[in-house]
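This report concerns only the one structure given below.
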Amino acid sequence: MTPIIWLALGVVLMALEILLPGFVIFWFGLSGVITALLAYTGIISSPEYLWFFFFASSLVFLSLWFAVLRKRFSKEKDERDPTLLDLRGKCTAQIEKSRPGEVELYEAYHGITKWKAESSEIIELGDDVLVLEASGIKLIVKKI
């Protein structure tokens, strides 16, 4: 295959990544572009070696993506909200280790004062609490 065909193959595979999610086909496209560069410069001229390089580099790129890069570039959201930290409130429904309860914050956050809450300790009705962290719509609290 000529360098132009390798380049076209690489570009088409990269473009297919737009239609097919998962960021897998892109690495085959990148390998195609690099293979085109190697064929153009004459570093590799044998068609068998070009195909071998294409598949080997694709596997290397895929392995690198799944082992290292995907974790670094993923957009997983951290649901903890730091703006709720250190707020104080009162327990309005008993909180146990295995059963969430409810707290009422002394200061409203986005107009909300009553929140579901969890704790690693038992917190009785009326006890003052401190917010340690927020996970989604639940607060993690401790007794003051």
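A few notes on this one:
- Each residue in the range 85-103 was checked for being among the β-branched types (Val, Ile, Thr) and in contact (Cβ under 8 Å) with a residue 40 or more places away in the chain, and 1 pass.
- Taken together, the residues in the range 40-56 that are surrounded by 13 or more Cβ atoms within 10 Å (Cβ to Cβ) and modelled with pLDDT under 95 amount to 1.
- Checked against the criteria, VAL103 does not count as under 11 Å from LEU84 (Cα atoms), at pLDDT 90 or above and either of a type outside the set (Ser, Thr, Tyr) or touching a Phe, Trp or Tyr at 6+ places or on another chain (Cβ under 7 Å) (or both).
- Scan the range 37-76 for residues that are outside any helix (DSSP H, G or I) and either of a type outside the set (Lys, Arg) or at positive phi (or both) and the total you get is 7.
- Positions within the range 26-51 being more than 14 Å from LEU9 (Cβ to Cβ) and within 33 Å of the chain's Cα centre (by Cα), in sequence order: none
- ALA8, sole failed condition from (1) in the same structural domain as THR113 (by TED's automatic domain parsing); (2) surrounded by fewer than 16 Cβ atoms within 10 Å (Cβ to Cβ); (3) among the small types (Gly, Ala, Ser): (1)
- For the range 115-139, residues that are surrounded by 15 or more Cβ atoms within 10 Å (Cβ to Cβ) and either not in a strand (DSSP E or B) or not assigned by TED's automatic domain parsing to the domain that holds GLU104 (or both) total 2.
- Being at pLDDT below 95, out of contact with any Lys or Arg (no Cβ under 6 Å at 6 or more places or on another chain), of a type in the set (D, E, K, R) and buried (at least 16 other Cβ atoms within 10 Å of the Cβ) is a property that GLU17 has.
- Qualifying position, being farther than 23 Å from VAL129 by Cβ and free of Cβ contacts under 8 Å to residues at least 24 places away in the same chain, among LYS71, LYS116: LYS71
- Qualifying residue in the range 57-71 (condition: exposed (fewer than 15 other Cβ atoms within 10 Å of the Cβ) and among the polar types (S, T, N, Q)): yes
The values are calculated or read from the model by the stated rules, or taken from the named source; none is laboratory data. The model shown is predicted, which means the values in this text are computed figures rather than measured ones. FYI the Cβ positions are ideal-geometry reconstructions off the backbone, even for glycines, and counts take in every protein chain you see.
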